[in-house]
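The values are calculated or read from the model by the stated rules, or taken from the named source; none is laboratory data. Just so it is clear, the structure is predicted and the values come from calculations on it, not from any experiment. Note that we place each Cβ from the backbone using ideal geometry, even for glycine, and neighbour counts take in every protein chain shown. These area figures cover heavy atoms from the full protein model, side chains too; ligands, DNA and RNA do not enter into them. Shrake-Rupley method; radii C 1.70, N 1.55, O 1.52, S 1.80 Å.
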Amino acid sequence: MRSSRRGAVDPFIVMDVMEAARQAEEAGRRIIHMEVGQPSTPAPAAARAALAQAMERDSLGYTVALGLPALRARIAKLYAQWYGIDLDPARVVVTPGSSGGFILAFTALFDAGERVALGAPGYPSYRQILKALDLVPVEVQTSAENRLQPTLEDLAGIDYEGLMVASPANPTGTMLDKPALSALIGAAQARGAAFLSDEIYHGIEYDKRAVTALEISDDVVVINSFSKFFSMTGWRVGWLVVPEGMVRQVERLAQNLFICPPHAAQIAALAALDAQDELKGNMAVYARNRALMMEGLPKAGFDRIAPPDGAFYVYADVSHLTDDSRAFARQILDQAGVAVTPGLDFDPVRGGGTLRFSYARATADIEEGLERLKAFMAARG
Ligand SMILES: Cc1ncc(COP(=O)(O)O)c(C=O)c1O
């Protein structure tokens, strides 16, 4: 059968690591998972209970394409609760995960061949989704002194029709503060480019609250999801906030591309928005894990790290230890039984010298993982 050039996207290397870890587990080894970017906790109890009830009384057929009106209204209320913003629910679009949101937003905003600037390192699927849609990812190398977030200087001389940022970011966990985010939004708007803000890690913040792009401008596209803070990765439900004038275009695309986001997941998501106590409990675990990582990784020999502002990742510079992060990650898996993600996933240029450690799992696993990493590095000499 023939195959398209735009469909020839790169594999998501972390998935390969997960498969290697699975094989090791099948062979009887206990593996500590520091590769996966997802909570080990289930959806909040209230979300599961709400769905159990709905399954008894409702046929759970299609919903309207933009999502259940009650869910759109409740998401709008979250913006009042988290940021003090008055958001019109009509601008909220419920999507099949933020991944579905990217497809809708990119398709609504850009024509084939247009360029979208992204900071590197960054979430790998941005690049691949753009390529699959015949768009051109323009990766901008960020610098350590800016905590690997893009700046105006990094963008100087670069031509683009869209600019996308993530704060807190994957893989670094670093955030853009209000002046830095404002400067980037201003630069994009000044050249008539669309500005997209991936806010999927909002809520998972440590010392400071994350800033939403909507605090700065209404003429932006915000992408968010129930996957991370709300602990609902497999439910496949997220949302977009789009400018008023874009809603109808996104609605037409959503009707045709997806019909609607999963109905069952929307019911659960609506209840999850009111499960703040349980979600705060998850946050306490992440905060404890983060402290353990900041103390334990340097002790093990991974001392080129910066404290993450949010999310549940530490991105370590290991360029003094290797220039092949993929082989190094494999060695750590084979010898220490700890699965970690090679930086090449996030940055094809410099990622040979970096690793991402996730601390989204239970604290006991983090403690054991750090012990194993210490022993591995000590044996390496
Ligand atoms: C920065 C970022 N954006 C988007 C996603 C996709 O999330 P989902 O489709 O589950 O909402 C991820 C997943 O890890 C991510 O790290």
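Quick look at the values:
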| item | result |
| --- | --- |
| Identity of the residue in the range 95-110, within 12 Å of the ligand (Cβ to nearest atom) and outside any helix (DSSP H, G or I), that ends up most open to solvent (accessible area, probe 1.4 Å) | 96 |
| The lone exception for residue 52 - which of (1) surrounded by 12 or more Cβ atoms within 10 Å (Cβ to Cβ); (2) out of contact with any Lys or Arg (no Cβ under 9 Å at 6 or more places or on another chain); (3) in a helix (DSSP H, G or I) it fails | (1) |
| Scope the range 120-136; condition in contact with a helix residue (DSSP H, G or I) (Cβ under 8 Å, 6 or more places away or on another chain) and among the hydrophobic types (A, V, I, L, M, F, W, C); matching residues | 129, 130, 133, 135, 136 |
| Candidate set: the range 59-72, residues that are surrounded by 14 or more Cβ atoms within 10 Å (Cβ to Cβ) and part of a helix (DSSP H, G or I); chosen: the one farthest from the ligand (Cβ to nearest atom) | 69 |
| Residue among 321, 370 that alone is open to solvent by less than 40 Å² (accessible area, probe 1.4 Å) and either outside any helix (DSSP H, G or I) or at pLDDT 95 or above (or both) | 370 |
| Residue 309 open to solvent by 10 Å² or more (accessible area, probe 1.4 Å), within 16 Å of the ligand (Cβ to nearest atom), in contact with a strand residue (DSSP E or B) (Cβ under 9 Å, 6 or more places away or on another chain) and charged (D, E, K, R) | yes |
| Odd one out for residue 213 among (1) crowded, with 22+ Cβ neighbours inside 10 Å; (2) out of contact with any strand residue (DSSP E or B) (no Cβ under 8 Å at 6 or more places or on another chain); (3) small (Gly, Ala, Ser) | (2) |
| Qualifying residue in the range 284-296 (condition: open to solvent by 20 Å² or more (accessible area, probe 1.4 Å), over 24 Å from residue 38 (Cα atoms), modelled with pLDDT of 95 or more and outside any loop (DSSP other than H, G, I, E, B)) | no |
| Unmet requirement for residue 218, which otherwise passes all of (1) assigned to a loop (DSSP other than H, G, I, E, B); (2) more than 19 Å from the chain's Cα centre (by Cα); (3) surrounded by 23 or more Cβ atoms within 10 Å (Cβ to Cβ) | (3) |
| Cross-chain or 6+ apart pairs with Cβ under 6 Å, the range 118-135 first and open to solvent by 20 Å² or more (accessible area, probe 1.4 Å), then near the ligand (Cβ under 9 Å from one of its atoms) and modelled with pLDDT of 95 or more | 123/170; 129/102 |
